[in-house]
1. Assuming 0.36 nm per residue, please report the length gained on full extension of the stretch GLU13 to GLU370 beyond their Cα-Cα distance.
2. Work out, step by step, the length gained on full extension between GLU47 and MET192: first 0.36 nm times the residue separation, then minus their alpha carbon distance; give nm to one decimal.
3. Rounded if a/c is under 1.5, else prolate if a/b is larger than b/c, else oblate: which is region 138-180, with a ≥ b ≥ c the root eigenvalues of its Cα gyration tensor?
4. Output needed: Cys residues of the chain lacking any neighbouring Cys C-beta below 4.7 Å, sorted by number.
5. Principal axis lengths of region 231-308 from Cα atoms, whole Å, largest first?
6. Less than 16 Å apart at the alpha-carbon level, and either on another chain or at least 8 residues along: which aspartates and glutamates does that give for LYS80?
7. How charged is the neighbourhood of VAL167? Take every other residue with its Cβ under 14 Å from the Cβ of VAL167, and add Lys/Arg as +1 and Asp/Glu as -1.
8. Using a 1.4 Å probe, what is the accessible area per residue for region 317-457, in Å²?
Amino acid sequence: MAENKIPYKIYLEEDEMPKAWYNVRADMKNKPAPLLNPGTHQPMTAEELGAVFCDELVAQELDNDNAYIEIPQEIRDFYKMYRPSPLVRAYCLEEKLQTPAKIYYKFEGNNTSGSHKLNSAIAQAYYAKKQGLKGVTTETGAGQWGTALSMACSYFDLDCKVYMVKVSYEQKPFRREVMRVYGASVTPSPSMTTDIGKKINAELPGTTGSLGCAISEAVEAATKNPGYRYVLGSVLNQVLLHQSVIGLETKAALDKYGIKPDIIIGCAGGGSNLGGLISPFMGEKLRCEADYEIIAVEPASCPSFTRGTFAYDFCDTGMVCPLAKMYTLGSDFIPSANHAGGLRYHGMSPVLSQLYDDGLMKAITVKQTEVFEAAEQFARVEGILPAPESSHAIKAAIDEALKCKETGEEKTIVFGLTGTGYFDMVAYEKFHDGEMDDYIPTDDELAKYAAKLPEID
Ligand SMILES: *Cc1c(COP(=O)(O)O)cnc(C)c1O
């Protein structure tokens, strides 16, 4: 069978790696809505954005027209240390499931930070360095983004201040220490080092923090410290642009063997890995050159796409950031404390939100215990210990493969395996000890947050 000629791992040669990122916005008929100034509700100008973000990144954020943006040589050199990442044919999982489906996964966990986040971290650090800045500030939840950014900053000799959601800071000391290995300073959020942190601590004594709150602190720290800018690891257009390297490599590897996927699956927190993975495929879809079924997978406990509202909302709890039009649960929505599986951001990338609203992709939710079941099933046959976030995509891919088993269809399924789960053993422990539940917010709860969305005319 020709089939057998497909290797377990498809790697690209160095000269087959992308030299430009692909900007899917260029091919979108309905562009994502612009970011708005939270005070005036007018579209943010490049000048206003430049007070918070690096200049070159502002240009990328606002660029809805150029389909390809060259990847600077310095970034390509760094990518070479851990890219191309392998596209793996999950022969063992297929065998285990006894499915006629062909399953591939793009594995982004092969770097010290353990996830795809390094792809954008290195780009953002590069542009900050090029602008002559002293350093950058950011937030991190579970710690993957902070780790990736610390690595990128140490490579370019930039200072890195990370506000880490307090609950993770306490529960994930190892992530914190990795960041410090790379020279970052890590502050638990909400902290007493910013005005917004003090305010949140006063209003919600004992709070264990949230991403939205840590973002507010990091933005404040960037605007108050001369020579600093704020960087963000997901949601923004520029981050999806950088992550397109995932999709471009995937497409190049599949093309090399003449494989056309039927279904493309990714987990969705803020949308960066999914947006990056699907970009070139979505481009073909938008240009009517090919069709693919694209599935976003989100946790049932933080269902932005499937139960959120498509509206302008704040990106942060402190309401200091620009407003973004996105699928959102409301900026002060915090998933249940029992939710251990990541992907806990209240909003979704404006690019993906628009594509979803236009019916170009679908979204499903999965419950966290079934996510961990899928994670273990995968770990036992494929040999990789997956991150809980990535395991949302695994769960959906397994379900699609099992559907093929029933119908006998030989579909080709590609999913994004965004990272490894070595720092998530507390979550795995909860799962093993039967202490993990599947809390799903009620309609009333969600309505309470939705009612607080800002009114924009
Ligand atoms: C951050 C992260 C995600 C979710 O973020 P997106 O921006 O939605 O991609 C998924 N998987 C891993 C391993 C992560 O670290």
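1. 124.8 nm
2. Value of the extension gain: 49.2 nm.
3. Verdict is prolate for region 138-180.
4. CYS54, CYS92, CYS213, CYS267, CYS288, CYS302, CYS404
5. 38, 28, 21
6. Reachable aspartates and glutamates: GLU13, GLU14, ASP15, GLU16, GLU70, GLU108, GLU249.
7. So the surrounding residues net to +3.
8. Per-residue accessible area for region 317-457 comes out at 42 Å².
The values are calculated or read from the model by the stated rules, or taken from the named source; none is laboratory data. Every value quoted in this text rests on a predicted model; they were computed, and no experiment measured them. Here the Cβ is made from the backbone with ideal geometry for all residues, glycine too, and neighbour counts use every protein chain on show. The accessibility values were calculated without ligands, DNA or RNA, using every heavy atom of the protein model including side chains. Shrake-Rupley method; radii C 1.70, N 1.55, O 1.52, S 1.80 Å.
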